[in-house]
Amino acid sequence: MKIDAKSVLTPTITLFLICVIVTGLLAGTNAITKDQIAIQQAETERASRAMVLSAAADFEEGTITGDDGEFTYYTGVDSSGNTVGYVFTTEAKGYGGTVQVMTGIDAEGKVSGVVILSHDETPGLGANAEKEDFRNRYVGQSVSGGPLSVVKSGEAGEGQILAITGATVTSNAVTSAVNQAAELYSLVEEG
């Protein structure tokens with residue numbers, strides 16, 4: 001079999017042109033939609049803040065420096081401008097990757113809500129961390145009594161979270177992220 005330049009160059013140039021055109025189209029689509037994606041993400045974060053600290057009528061953005069760097073947090077205020085709590089976004093390593101958690105802590109130092117913003121956990125196991133039943137295990141827990149811990153079975157006592165069956169690593173990740181929020185809460189309260 002004889003190979004000539006034309007039989008090699010024609011498919012190569014065709015494939016190259018297809019790649020250039022597809023890349024251009026993807027770049028154009030990204031440029032057109034990036035502002036809308038940013039608006040949608042901001043709206044999702046606003047709705048999540050309202051979910052984890054429902055007593056707040058509005059939120060004021062602030063920054064605090066913790067052990068792991070600088071963090072943005074939100075102070076929740078009521079309609080009179082009184083502080084009703086704080087919202088922190090933290091993350092921890094789960095089974096499938098990073099688990100990003102938004103935690104609301106009220107002015108009395110109790111967890112008012114938890115939302116899982118993103119994760120790569122196993123569907124049907126670790127992904128169950130998104131379920132309200134699991135997230136509500138944190139609500140009402142005091143952040144001043146030391147870090148929360150995870151128990152694998154039985155009844156969870158004060159300062160304890162009952163792990164999701166078959167997803168202890170994910171449960172530990174969410175709890176670790178909530179504990180980070182508690183540390184940031186302490187820094188904000190001191191500051």
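The values are calculated or read from the model by the stated rules, or taken from the named source; none is laboratory data. This one's a predicted model, so the numbers in the text were calculated from it and none came from an experiment. Here Cβ is always computed from backbone atoms with ideal geometry, including for glycine, and neighbour counts include all displayed protein chains. Surface areas here come from the heavy atoms of the whole protein model, side chains and all, with no ligands, DNA or RNA. Shrake-Rupley method; radii C 1.70, N 1.55, O 1.52, S 1.80 Å.
Structure notes:
- When a 1.4 Å probe is rolled over the protein heavy atoms, the share of accessible surface on the range 1-133 that falls to carbon and sulfur comes to 56 percent.
- Eligible aspartates and glutamates near residue 6 by straight Cα distance, threshold 20 Å, same-chain separation 8 or greater: none
- The modelled label-to-label distance between residue 187 and residue 22, using points 7 Å beyond Cα along the C-beta direction, is 4.4 nm.
- ³J(HN,Hα), Karplus 6.51/-1.76/1.60, whole Hz, each residue of the range 143-156, x for Gly, Pro: 9, 8, x, x, x, 6, 10, 9, 10, 7, 8, x, 9, 8
- Extended-chain gain in nm, criterion 0.36 nm per residue less alpha-carbon gap, residue 41 and residue 8: 7.2 nm
- Sparsely packed GluC sites (Glu not before Pro) within the range 76-130, loop by DSSP, other Cβ within 10 Å at most 16: 108
- Net lengthening on full extension, residue 30/residue 151 (0.36 nm per residue, minus Cα-Cα): 39.1 nm
- Gyration tensor verdict on the chain (Cα atoms; rounded if a/c is under 1.5, prolate if a/b is larger than b/c, oblate otherwise): prolate
- Principal-axis tilt of helix 168-190 within the chain, Cα atoms, nearest 10 degrees: 60
- For the chain, the relative contact order works out to 16 percent when only alpha carbon pairs closer than 8 Å and six or more residues apart are counted.
- Cα-based reach from residue 93 at 16 Å (exclusive), listing aspartates and glutamates while leaving out same-chain residues under 8 positions away: 68, 120, 121, 130
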